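Shown next, in structure tokens, is the structure this report addresses.
The values are calculated or read from the model by the stated rules, or taken from the named source; none is laboratory data. Here the structure is a predicted model, which means the values were calculated and not measured. With ideal geometry, Cβ positions are generated from the backbone for all residues, glycine too; neighbour counts draw on all protein chains shown.
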Amino acid sequence: MESLGDILKSMPEVKRIAKKRPPIVTAAQEKLITASIAIRENPDAVERAFMARQLVQCTLPHSNPGNVALWSRRNGNSLLTLQPGSKGGKLLGYPYGVLPRLLLFWLVTEAVREKRRRICLGKSLSQFMRQLGLDPGRGGKRSDATRLKNQMDRLFRARISFERVANVAPDVMEET
């Protein structure tokens, strides 16, 4: 398939503009657009994925909420509440960022696909990381493996609850 950049470069009006301005589309944007085109042209070729409805309506925190006893997010009448878990008597903190959401996305998809209550993560952390699309190759403090282990501990030990709240005034239930 021809890339978006190649298609745009072949258009005369784009050639004229490109001489005057920097590239219209960055490499990351081109990759996203190319993937979007491929999905639109052949939607059945794309692997299906699933997510729990509640996690679509109210997602986990994007950044670390810090040292708070309870974190919650409300969307309409749906309320997600998180409490951090502990390990060896020490609080681990909240699951936050991309990795816990990726883990939940993978777990729900795997549960629907396999139709089982137990999910095998793989024979090793490296194998599991490859299934998630992460790089198991490099190590260190900021490596995917270190971050994944930390966020897995936080997610799997946290207390997560969803509830429907009815007729609550918006100023009473604020996102914290």
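Sub-6 Å Cβ pairs linking a first residue in region 132-143 that is more than 20 Å from THR109 (Cβ to Cβ) to a second residue that is in a loop (DSSP other than H, G, I, E, B) and of a type in the set (D, E, K, R), at least 6 apart or interchain, number zero. Residues that are buried (at least 16 other Cβ atoms within 10 Å of the Cβ) and not in a helix (DSSP H, G or I) within region 52-70 comprise CYS58, LEU60, PRO61, PRO65, listed in sequence order.
Kindly indicate whether any position in region 94-107 is modelled with pLDDT under 90 and on the phi > 0 side of the Ramachandran plot. Looking through region 94-107, none of the residues is modelled with pLDDT under 90 and on the phi > 0 side of the Ramachandran plot. Please tell me if GLY133 is surrounded by fewer than 16 Cβ atoms within 10 Å (Cβ to Cβ) and under 17 Å from ARG48 (Cβ atoms). When the stated conditions are applied, GLY133 passes them.
In this structure, ARG40 does not qualify as in a strand (DSSP E or B) and at pLDDT 75 or above. Please determine whether any residue of region 71-83 is outside any strand (DSSP E or B), in contact (Cβ under 8 Å) with a residue 60 or more places away in the chain and over 21 Å from TRP106 (Cβ atoms). Yes - at least one qualifying residue is present in region 71-83. Checked against (1) farther than 30 Å from ARG48 by Cα; (2) in a loop (DSSP other than H, G, I, E, B); (3) not basic (Lys, Arg), ILE119 passes all but condition (1).
Yes/no per residue for (1) among the basic types (Lys, Arg); (2) within 19 Å of the chain's Cα centre (by Cα); (3) closer than 25 Å to ARG53 by Cβ:
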position: LYS87; (1), (2), (3): yes, no, no
position: LYS90; (1), (2), (3): yes, no, no
position: SER124; (1), (2), (3): no, no, no
position: PHE128; (1), (2), (3): no, yes, no
